[in-house]
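All of the numbers you see were taken from the coordinates with simple rules; none came from a lab. Note that the coordinates shown come from a computational prediction; the quantities given were computed from them, not determined experimentally. Reconstructed Cβ throughout: ideal geometry from the backbone, glycine too, with neighbour counts over all protein chains shown.
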Number of protein chains: 2
Amino acid sequence: MRIAILLYNGIAALDAVGPYEVLSRLPGAEVVHVGERRGEVRTCAGTLGLTADAELADVPDPDIIVVPGGRGQTDLMAEGPVHEWLRGADTTSTWTTAVCTGSLILAAAGLLRGRRAASHWLAPGELPALGAVPCEERVVFDGKYVTAAGVSSGIDMALSLAGRIVGDKAAQEIQLMIEYDPQPPYSAGSRVTAPAEAVAALRARSRFAASPQ
Amino acid sequence: MRIAILLYNGIAALDAVGPYEVLSRLPGAEVVHVGERRGEVRTCAGTLGLTADAELADVPDPDIIVVPGGRGQTDLMAEGPVHEWLRGADTTSTWTTAVCTGSLILAAAGLLRGRRAASHWLAPGELPALGAVPCEERVVFDGKYVTAAGVSSGIDMALSLAGRIVGDKAAQEIQLMIEYDPQPPYSAGSRVTAPAEAVAALRARSRFAASPQ
């Protein structure tokens, strides 16, 4: 089972590493990090380098595709090699997935037309113009397309996906191995539960236009 | 505020990237990933490379130290350059932290003598011989020493730490930005809530001797 995780400059590290930490523990998993070029990419903040071990053309037909988000997402909205690779890989993939603003990339490549999709809570307003139906849930399954909300939600997405692939028992072992028993110190993780001031502050700094909600 | 995250071969990626994703968003944060040598390290599974941008000697006095865990932790239990660096950096650090089996490295370096410390749920039995007091909590503060349970717990640790450093309001904004509103599909994240069979299966495969609990 080949799992291709897309890396690019400006990625949010946790978008990629959350799913990686879960999916790499699937029995028989062979994870490969792919990029437009082999070598290092840097995160949004610039202070972490991650290695793309393969070029897009090296991995034409993975079983699972993972598209992380991050500020660099904006560079991948135009037609180009990444879109071509995504469409090609998607023709044979078992699961095509995205985390956070990665769903905007998938949608821009034309893969989410008429599909329900999650994204970062600041970004759902971007999806309709790309043909997708925004869905404010943490993990959204629509056929073989699985999308997750912002950054940290890729862990939940990957565990849900693991359950579909190897069954609940094996997925629960992965959850226990990574001791995913979350105890955030605040209830500020969603725009519904966070203090209104926090929501307003982040909306004001967002690169996305305010969504209608 | 300089934050040094230790990288080494055999690291569990999420141990490092969970805290990175939170702490790199602190106002004024300057994160640097340090290793024994500059360049790439590979994760436990071998399928992800992360870049150490600095050598230990380049970062002698960070404000915050983060020591991740992972299978490669066993290579860092003997006296050597990493222990020397940890002890030196700890003399001036504001916070000295570890995730998962990273606490065993801190303890082996002599920094947790008589301190309460968390670790991966399979590993607490290792701590007493290293002078630390095992504590089965997700995040443990003992003075300036902050330790977290397994792998994913570094996110909770970093958010708690963010609250202490910049206050609840700014920490809540970080939580909202990374949309950390966890919704795991199972309640299998701790040895207390997971199915007994999962606990037994992982204990049987563990590299650590069974702890008395």
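In vacuum, with every alpha carbon of region B:13-115 counted as one equal point scatterer, what does the Debye formula give for log10 I(q)/I(0) at q = 0.13, 0.15 Å⁻¹? Two decimals, please. The computed values of log10 I(q)/I(0) come out as -0.44, -0.59. In a fully extended conformation the segment linking B:Arg87 and B:Arg113 would gain 8.1 nm over its present Cα-Cα distance, using 0.36 nm per residue. Taking a straight Cα-Cα cut-off under 30 Å and skipping sequence neighbours fewer than 8 places away in the same chain, the lysines within cross-link reach of A:Lys144 are A:Lys169.
Look at the stretch A:193-200: the mean tally of other chain Cβ atoms within 10 Å of its residues' Cβ atoms is 4.
A:Lys169 to B:Ala209: FRET efficiency via 1/(1 + (r/R0)^6), r the Cβ-Cβ distance, R0 22 Å, to the nearest 0.05? That gives a FRET efficiency of 0.30.
Take each residue of peptide A:11-22, count the partner chain Cβ atoms within 10 Å of its Cβ, and average: the result is 6. Scalar couplings 3J(HN,Hα) for region A:24-37, obtained by applying the Karplus form with A = 6.51, B = -1.76, C = 1.60 to θ = phi - 60°, are 5, 8, 5, x, x, 6, 10, 8, 9, 8, 10, x, 4, 10 Hz; x denotes Gly and Pro. Starting from the label point of A:Gly46 at 7 Å along Cα→Cβ, the same points in the other copies fall at 3.5 nm, in ascending order.
Backbone phi angles across region B:73-82, fed through the Karplus curve with coefficients 6.51, -1.76 and 1.60 (θ = phi - 60°), yield HN-Hα couplings of 3, 4, 7, 10, 8, 8, 3, x, x, 5 Hz in residue order; Gly and Pro are listed as x. Using the alpha-carbon centroid of each, what span in Å lies between region B:30-98 and region A:129-203? What the calculation gives is 30 Å, centre to centre. Take each residue of peptide B:151-163, count the partner chain Cβ atoms within 10 Å of its Cβ, and average: the result is 4.
All other residues whose Cβ lies under 14 angstrom from that of A:Asn9 are scored, Lys and Arg at +1 and Asp and Glu at -1, for a net of 0. Projecting 7 Å from Cα along the Cα-to-Cβ direction, the label point of A:Pro60 sits 5.5 nm from its equivalents in the other copies, listed shortest first.
Size check on chain B: the Cα extents along the three principal axes, sorted descending, read 45, 40, 37 Å. Placing a label point 7 Å from Cα along the Cα-to-Cβ direction at A:Arg207 gives distances to the equivalent points in the other copies of 3.8 nm, listed shortest first. Zone of B:Ser187 (label point 7 Å along Cα→Cβ, backbone N under 14 Å): which residues in region A:166-191? So the set is A:181-182.
Karplus-based coupling profile of region A:2-16, in residue order and whole Hz: 8, 10, 9, 9, 6, 10, 7, 5, x, 6, 8, 4, 5, 4, 8, with θ = phi - 60° in 6.51 cos²θ - 1.76 cosθ + 1.60 and x standing for Gly or Pro.
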